[in-house]
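What follows is one structure encoded as structure tokens, with my remarks underneath.
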Amino acid sequence: MEKNPDKGYVALLGWSLGAVEAAENFDRRYVVVAPEWAEDYCKQHDIPYIPWNFERLNDRSLEIAETLQAEGVDVAIPLYEETVEWAGAINSVLMKNPRLHGQAVLFRDKALMKRRAQLGGIRVGIFEEAHDKDDVVRFLRRVNQTLLKLDGDPNDPIHLKAFDKAGCLGHRVIRTPDEVDMIPEEEFPVLMESHLDGWEFAVEAWIHNGKIAFLNLSEYVTLGYSVFVPATPELESWRPLIEKEIEKLIKTFDIQFGQIHPEYFVTSDGTMYFGEVAYRPPGFKAFELMERAYGFNAYQASILVFDPHTTDEEVKNFFPEPVKGAKGYAGCFGVYPRRRVVSQLEIPEEVENHPYFDYHELTAPMEETVTKRTAFGTHWGLVFFFGDDPHKLRDLLKHQEELDYYI
Amino acid sequence: MSPPDNSSGATATLETVLARMDEAIELLAAAPAFSKTTKLARILDTAKRLMAMEGGCAALESRIQALEEAGVFLGSDWASPQILVPSMTTHALQSPDPNTVVIEALSELRMLAVARGDYLHPQLSVEQAHHYLTQVLAINLAMLFTPPSEAERATQGRLAEIPRRVLRHLAERIGYEHVIDQLIDEIWRILRQRPIQVDPVKQMITQIAICRADPNIDLGASGHGAERLVSSLFAPTNACRDDPGIETFEERLAHLDSSALQSEANGFARAMHDTGLASPYHAAFLRYLRGKADHLLADALGLSNTGRDCLLCYRELVLALIDEAVYPQTAQAVYGLSMMLERGILYQTAVAPALWRQIGLPLSDWAADRLYMAFGDTIPPRRRLLEGVLMMLGLPLGVGQGNNPTCQSARALSMWSFNDPDYLLQILTWGARDDEVIVHFEGQPVSSHSALDGRPLPIDLDPVSLILVPHLDHIYNEMGRMCIGREGDPHRWVNPEFHGWWVGRGFRINVDVATGKLVNPEDFLRHFYAYYHPYYNGNQPLIHPQPAGIAVTDSAARFIGWHAIAIQRVALDTSGEMRVYFFNPNNDSGQDWGDSVKVSTADNGEGYGEASLPFEQFASRLYIFHYDPLERGEPGQVTQEELDECIGYIRRSWGAERLPSVEMQASQGPEG
């Protein structure tokens, strides 16, 4: 697409084909900053590209910031958890605002993040850092004592998460001290959280000039398996409350622009618990689902709100009205083989014939023996659905858990 | 949000899935080239569901132009439909991978839209598409008429239904009778060129035979023309009328009296010479006669006086060849043997001893492996190669290049078999026994040894080509490399050195190698007439075949590429028109080159394997020829009308962009 020289010039940190495609078809100039393995592809397809290896931040970090500054880039957009801190560091140079780096560090460290949220008056569960297995056992016991459980009562589970990994990566659920032994030493340190009973959901919010430009609610059917947008009217009924929570988040973390992806639990009495927040696109193809449902490209939305040259008018015209602006409900299901040994992929006939079935991204099995599922987020591929009734879609997604895609 | 529609019943309807398809096409079209592949899963999956629905194939057919323009074939072989090979479709349509099945099926639907004239395709003409589809249907007749086999069901599951639905749609739109009848015409047209490689033809005939035998398939009035084809393979004579199997047939032979044996011999010969196909029974029959009734061999081979004479002169050799090379698994050897005897080449003193050497030739591991890889182990590689030798010597113009860019090698093999058969046997000995062929280029030896180092080599070739083409291709290219730095086109030096002394050292080209523009076309044509046209060369028939280069055009007269052929002879045809008869190493010479230039392969005086065009039409596609500079002819007598007609053909085809707008002044051609 023809680029508008009066608008901003963005750098995409990390390689994401979907993001590059969106940038290519958008009127902002862009450059991809990605490891060297992306170079051949970029050259071959004339994709503007600057090589960079996103290892740990080090004393060479300034180099990429200066390179981008010399190139005339206005802002860096993180595409992955691993590039969030880089974006903060780079933007603090590009925008001459050192606080942006400190902000990014908060997003990267889940313990710091929770503490900051707590300070901002946001309700969070009980959490603690664990350095070894003993810490975990102690926390599990203490949480259940707090819940006034007696010996022999089933424990409430606790959740273990890596400090600096995206979404479900490294997420474990622990119910008994025995299970603690299963945790490999190299996973420590981790963040431990009490289990929050309630309805878990995710939010994708685009922020421009410190205000919410668009807020999407992604409803989980089963965490790690299925999600859809827009949410059911039941969850959407909490929207005003959720918006208030997001505004608190914006204030607490001093977010002026960008796209955030927080997770919450809402209990039956309407109490919101903050889970965590990420300053990057969500996993699980939520951007694709939004595009399917609303028709706007979520990566372009991010470029828009990151660009310092974007006007309020542009932002207003870009986004549709939440829920009412959607053409239908789009959901996806992450397939995990149910059998221990599989030989082929066969889409269940009832799925293939269902009017809500859209398409799938599953591939034939690479190996026959299925490894036991230990953590979340290791599905073999996604199946997409689209329809006009959110409840029907939700039940359909739930039903997928009982079907064999790999036989 | 839009109001809920009422389609949300238990199953998806054609309309809902089609709406999804249209959306997916839009997304694909909007995606930049580098991310198109990420949109394909959705397209292919939706297409697959459509193909399984009533009316889905028709709906896809009407969207196929949009699909192709959006980029569904981009980056795959299917992006160049003009190079697609019908015989590959079976494999793709029976693939366990749904994406392969669907993209192949979409490609067939594209051919259909083009063939019906609904889709004006930049790379495909209506005829090309129609021709291609007929062949696809012919090759996949079994899938068209029969439910999936157990094997297909096991590998493809419900997917096996998709190719059937698509093929049925194709056949319905083109017409079943049409398919069978055209298929039969097609087979006859190919057979009249007497190709060495007949396996694809045999496959098609077998499919027809299966369909005709199946009571569930109604072919209507069509398919009757297949009688001779089917019988020539499966039941050419009385004793095997019921296709009883070789063993039973041999038992029956033992009980036949001499007149019945005579009539068997005649029947076999007639079937074979009618079609160019030899039945496995025929091979068994020859082996039976050998030693018991040698006097019937000449009749069983269908020999004329020439062949019979040859057989009698070289009796021991012929018997040895039958012993070593003629088996039911190598039935075509019968035809090769018969045609070789007819050519009388055994009277060239070197040929018979060279054949004796060939009979005892030990094969290198490489050569044996290659033959084994291409033809399997039903017969030892040595016998397979000997069958190939007989076929190539019997049908010098039946050589084909397969689906490989090796026209020069195929042309050379044909030329040697035609003109210098003992040389052919010599390099085959080097290639098959020693893994190295050495040819000299201007006194310097050029070895083929490094040709065999691990590169993928063509496999769809006859036995002799299978061994020699890798060597020859390497040597030809090496010779070209040795010409780097010389001014002008390297064919000038390579062709005579590569093929033999008889290739004229004089050389003309009408294309400027650097710019691709036509240079001095009139002068070029004038000299071509003077050297080759009997009216201007002192009525001298061409003595040896000469390599030449042509600019191949498609049926819309658009330039496709440069191609190597051999001019065999120039003569008046039966209706008094002067024609150039030439050998095209392409597997099927009958081609439409556009602007009413249609290469003929039969009915205009062509011998087996010859292609022909009226002189001026041929000249209009020529860009390189060789000649003997000492025989000048009468260039001055060629009339302006003849030249103008030729140039008209050039201007309306491949020369459209290459001819200068104002005719060239007397500038120097590349040859000076």
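Quick check on the stretch B:36-78: of everything there that is of a type in the set (S, T, Y) and modelled with pLDDT under 90, which residue is least open to solvent (accessible area, probe 1.4 Å)?
By that ranking, first place goes to B:S76.
Does B:L472 qualify as being in a helix (DSSP H, G or I), farther than 30 Å from B:I83 by Cβ and among the aliphatic types (A, V, I, L, M)?
Taking the combined requirement at face value, the residue does not satisfy it.
Consider A:L382 carefully, then state whether it is out of contact with any helix residue (DSSP H, G or I) (no Cβ under 8 Å at 6 or more places or on another chain), within 9 Å of chain B (Cβ to nearest Cβ) and surrounded by 17 or more Cβ atoms within 10 Å (Cβ to Cβ).
No; evaluated as a whole, the condition is false for this residue.
Are there any helices (runs of 4 or more DSSP H) wholly within the stretch B:18-123 with 2 or more residues that are among the β-branched types (V, I, T) and outside the structural domain of B:D554 (by TED's automatic domain parsing), and if so which?
In the stretch B:18-123, B:37-51, B:89-93, B:98-115 are the helices (runs of 4 or more DSSP H) which contain 2 or more residues that are among the β-branched types (V, I, T) and outside the structural domain of B:D554 (by TED's automatic domain parsing).
Among (1) assigned to a helix (DSSP H, G or I); (2) without any contact (Cβ under 8 Å) to a residue 12 or more places away in the chain, which single condition is B:P405 missing?
(1)
Which residues, counting only those in the stretch B:391-415, are crowded, with 24+ Cβ neighbours inside 10 Å, of a type in the set (A, V, I, L, M, F, W, C) and touching a His at 6+ places or on another chain (Cβ under 9 Å)?
Within the stretch B:391-415, B:A412, B:M415 qualify.
Run B:L363 past the list (1) open to solvent by 10 Å² or more (accessible area, probe 1.4 Å); (2) part of a helix (DSSP H, G or I); (3) at pLDDT 95 or above; (4) among the aliphatic types (A, V, I, L, M) and report the number of the one that doesn't hold.
The one condition B:L363 does not meet is (2).
Starting from the stretch B:448-473, take each residue that is closer than 10 Å to B:T406 by Cβ and outside the structural domain of B:R433 (by TED's automatic domain parsing) and list its partners that are open to solvent by 10 Å² or more (accessible area, probe 1.4 Å) and in a helix (DSSP H, G or I), counting only C-beta distances under 7 angstrom and pairs at least six apart or across chains.
none
Can you find a residue in the stretch A:393-401 that is at negative phi and within 11 Å of another protein chain (Cβ to nearest Cβ)?
Yes, some residue in the stretch A:393-401 is at negative phi and within 11 Å of another protein chain (Cβ to nearest Cβ).
Pairs only if they're at least six apart or on different chains, beta carbon under 6 angstrom, first in the stretch A:182-209 and within 30 Å of A:P322 (Cβ to Cβ), second among the β-branched types (V, I, T) and part of a strand (DSSP E or B); list them, first residue then second.
Close Cβ pairs (under 6 Å, with a partner that is among the β-branched types (V, I, T) and part of a strand (DSSP E or B)) amount to A:G198/A:V266; A:W199/A:V266; A:A205/A:I212; A:A205/A:I260.
Could you check the stretch A:1-95 for helices (runs of 4 or more DSSP H) lying wholly inside it with 1 or more residues that are touching a residue at least 24 places away in the same chain (Cβ under 8 Å) and either within 14 Å of another protein chain (Cβ to nearest Cβ) or β-branched (V, I, T) (or both)?
It comes to A:17-24, A:61-71, A:81-94.
Considering every residue within the stretch B:584-599, establish whether at least one is assigned to a strand (DSSP E or B), open to solvent by 10 Å² or more (accessible area, probe 1.4 Å) and modelled with pLDDT of 95 or more.
There is no residue in the stretch B:584-599 that is assigned to a strand (DSSP E or B), open to solvent by 10 Å² or more (accessible area, probe 1.4 Å) and modelled with pLDDT of 95 or more.
Got a number for residues in the stretch B:36-53 being of a type in the set (D, E, K, R) and either facing chain A (nearest Cβ under 7 Å) or more than 16 Å from B:T100 (Cα to Cα) (or both)?
Matching residues across the stretch B:36-53 total 4.
Take A:P308 and tell me if it is more than 10 Å from every other protein chain (Cβ to nearest Cβ) and open to solvent by less than 50 Å² (accessible area, probe 1.4 Å).
In short, no.
Take the residues in the stretch B:9-25 that are more than 8 Å from chain A (Cβ to nearest Cβ) and in contact (Cβ under 8 Å) with a residue 24 or more places away in the chain, then tell me which one is most open to solvent (accessible area, probe 1.4 Å).
B:D22
Can you tell me which residue among B:I205, B:I190, B:I184 is at pLDDT 80 or above, in contact with a Leu (Cβ under 6 Å, 6 or more places away or on another chain) and either in a helix (DSSP H, G or I) or open to solvent by 20 Å² or more (accessible area, probe 1.4 Å) (or both)?
Step by step, each of B:I205, B:I190, B:I184 is checked, and only B:I205 is at pLDDT 80 or above, in contact with a Leu (Cβ under 6 Å, 6 or more places away or on another chain) and either in a helix (DSSP H, G or I) or open to solvent by 20 Å² or more (accessible area, probe 1.4 Å) (or both).
With respect to the numbered conditions (1) outside any loop (DSSP other than H, G, I, E, B); (2) open to solvent by less than 40 Å² (accessible area, probe 1.4 Å); (3) in contact (Cβ under 8 Å) with a residue 40 or more places away in the chain, which one is the sole condition not fulfilled by B:Q617?
Status for B:Q617: all satisfied but (3).
What number of residues within the stretch A:318-346 are within 14 Å of chain B (Cβ to nearest Cβ) and open to solvent by 10 Å² or more (accessible area, probe 1.4 Å)?
The total comes to 12.
Condition first: farther than 15 Å from B:C313 by Cβ and buried (at least 17 other Cβ atoms within 10 Å of the Cβ). Now tell me which residues in the stretch B:334-358 satisfy that.
B:V334, B:Y335, B:G336, B:S338, B:M339, B:A354, B:Q358
If I go through the stretch A:115-131 residue by residue, how many of them are in a loop (DSSP other than H, G, I, E, B), under 27 Å from A:E186 (Cα atoms) and open to solvent by less than 60 Å² (accessible area, probe 1.4 Å)?
So the answer is 1.
Which condition number does B:A33 fail, the rest of (1) among the aliphatic types (A, V, I, L, M); (2) closer than 26 Å to A:K43 by Cβ; (3) at the interface with chain A (Cβ under 10 Å from one of its Cβ atoms); (4) surrounded by 15 or more Cβ atoms within 10 Å (Cβ to Cβ) being met?
All conditions are met except number (4).
When you go through (1) in a helix (DSSP H, G or I); (2) modelled with pLDDT under 85 one by one for B:R165, which number turns out not to apply?
Result: B:R165 passes all but (2).
Which of the residues spanning the stretch B:544-556 are small (G, A, S) and open to solvent by 10 Å² or more (accessible area, probe 1.4 Å)?
Of everything in the stretch B:544-556, those that are small (G, A, S) and open to solvent by 10 Å² or more (accessible area, probe 1.4 Å) turn out to be B:S555, B:A556.
Which ones in the stretch B:600-613 are part of a loop (DSSP other than H, G, I, E, B) and either out of contact with any strand residue (DSSP E or B) (no Cβ under 6 Å at 6 or more places or on another chain) or open to solvent by less than 10 Å² (accessible area, probe 1.4 Å) (or both)?
B:A602, B:D603, B:G605, B:G607, B:Y608, B:G609
The values are calculated or read from the model by the stated rules, or taken from the named source; none is laboratory data. As the structure is a computational prediction, the values presented were derived from the model and not from experiment. Ideal geometry is used to build each Cβ from the backbone, glycine not excepted, and the neighbour counts take in all protein chains shown. To get the accessible areas, we keep the full protein, side chains included, count just its heavy atoms, and leave off ligands, DNA and RNA. Shrake-Rupley method; radii C 1.70, N 1.55, O 1.52, S 1.80 Å.
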